[in-house]
Amino acid sequence: MLAVVAKDDLERAVRQMSNLDGLRVLHSTIGSAKLLHLSLLSRIAEMCYLSDDAIVRTKADFESRIARGTPKADASAKFVGQLLANILALCQATLLQLEKVNTPIHQPVLLDIREQLDHLLQPGFLASIPWEWLTEFPRYLATVQARIRKATSMGGLEKDEAAMVELRPRQEAYLLAVRELGSRGMSEQPPGLVLYRWMLEEYRVQLFAQDLGTKITVSGKRIDQQWMKAIGEIG
């Protein structure tokens, strides 16, 4: 409702984004210009009007939220635009890096990376990914680039394979849980499973590009403990 009332201000903020044309070009490999536009509106609205957990209970609360949020629209649009441009440019560079690797022995690495990118950069990701994790995407993509360099260097493939022994079963367990939820008609994941998913992404950083650092402390043991919590929520 907040976004509907403030639609004109949000639309104006998007139209005035200085890098909008460039974003459309970069985003075209992921989704349509319309999807990009809707995603920008959704994310900017969230930043302007839903940045805290306070519940809007009265008309006065509603009007106050609009009054406080609307002046943030231009700055929020600029920030979102810069982040998205960085993510999409890194994605494009990563895909070009992948295309240069065509040796059969590296195909399992490339397949895993492409699946990872498909999960990260699915259509609508700008609006659907929690903000706290979306801002980490540049680091995740830098991790992929580092992994490619290491896996194609002398002795790097063996280390990559050893890392995947740690990661693969946990990743497969997550995907199986998502499919199970889908079979129940549940599109929204419980909080414990969401955290598990991003712990896996942080685990990739630790395994393949440890020098980039992790947002949270991760280990195989911690991830397995979180998995048990997630399973308890799924039921």
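The values are calculated or read from the model by the stated rules, or taken from the named source; none is laboratory data. These numbers come from a predicted model, not from an experiment. Neighbour counts run over all protein chains shown; Cβ positions are idealised from the backbone, glycine included.
If you take the residues of segment 202-219 that are closer than 15 Å to Glu166 by Cα and hydroxyl-bearing (Ser, Thr, Tyr), which of them is nearest to the chain's Cα centre (by Cα)?
Per the criteria, the residue is Tyr203.
The conditions are (1) assigned to a helix (DSSP H, G or I); (2) within 30 Å of Arg170 (Cβ to Cβ), and Asn102 fails exactly one of them. Which is it?
Single failed check for Asn102: (1).
Looking at Glu166, is it loosely packed, with under 13 Cβ neighbours inside 10 Å, under 17 Å from Val109 (Cβ atoms) and not hydroxyl-bearing (Ser, Thr, Tyr)?
So Glu166 does not fit the description; no.
Might you let me know whether segment 200-221 holds any residue that is modelled with pLDDT of 95 or more, part of a helix (DSSP H, G or I) and under 16 Å from Leu176 (Cα atoms)?
Yes - at least one qualifying residue is present in segment 200-221.
Show the residue pairs that are 6+ apart or on different chains and have beta-carbon atoms under 9 Å apart, the first residue being within segment 26-44 and without any contact (Cβ under 8 Å) to a residue 40 or more places away in the chain and under 27 Å from Arg68 (Cα atoms), the second being β-branched (Val, Ile, Thr) and surrounded by 17 or more Cβ atoms within 10 Å (Cβ to Cβ).
These pairs meet every condition: His37/Val14; Leu41/Val14; Ile44/Val14; Ile44/Val80.
When residues of segment 56-88 are filtered for being in contact (Cβ under 8 Å) with a residue 12 or more places away in the chain and either in contact with a Lys or Arg (Cβ under 7 Å, 6 or more places away or on another chain) or within 20 Å of Glu132 (Cα to Cα) (or both), how many remain?
17
Taking segment 210-235 as the region of interest, how many residues are of a type in the set (Gly, Ala, Ser) and closer than 17 Å to Arg168 by Cα?
Going through segment 210-235 one residue at a time, the tally reaches 2.
Check whether at least one residue in segment 35-53 is exposed (fewer than 13 other Cβ atoms within 10 Å of the Cβ) and assigned to a helix (DSSP H, G or I), and report yes or no.
no
For the subset of segment 105-137 comprising residues that are touching a residue at least 60 places away in the same chain (Cβ under 8 Å) and touching a Ser or Thr at 6+ places or on another chain (Cβ under 7 Å), which member is surrounded by the fewest Cβ atoms within 10 Å (Cβ to Cβ)?
Gly124
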